[in-house]
Amino acid sequence: MVGDEEAIAQVLNRLRRAHGQLAGVISMIEQGRDCKDVVTQLAAVSRALDRAGFKIVASGLRECLTRETPEGSEPMTVDELEKLFLALA
């Protein structure tokens, strides 16, 4: 993944949180928990994944604007960034 170390750490933190929440949702379903509780936790997983995705897109935008790309790679085009953003919408 492209991005500075802080952005990468934030994305990984969000993904780890979502991973734990998803494990909780699976456990809740296996235990036969109330539908409302399961859906609430599932929504939290979805938000955590969305936030991770938005952080990745934001890092891509910043790199595109500043032209900070790893050696040997081309910066993303505006069309590529738009497609990434819309994939999360």
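For Gln21, are the conditions met, namely being at pLDDT 90 or above and buried (at least 16 other Cβ atoms within 10 Å of the Cβ)?
Details: at pLDDT 90 or above: yes; buried (at least 16 other Cβ atoms within 10 Å of the Cβ): yes.
Yes.
Out of all the residues in segment 10-44, which are among the basic types (Lys, Arg) and under 22 Å from Ser59 (Cα atoms)?
Residues of segment 10-44 among the basic types (Lys, Arg): 14, 16-17, 33, 36.
Selection gives Arg14, Arg16, Arg17.
The values are calculated or read from the model by the stated rules, or taken from the named source; none is laboratory data. Computed from a predicted model, the values in this text were never measured in an experiment. Cβ: placed from backbone, ideal geometry, glycine included. Neighbour counts: every protein chain shown.
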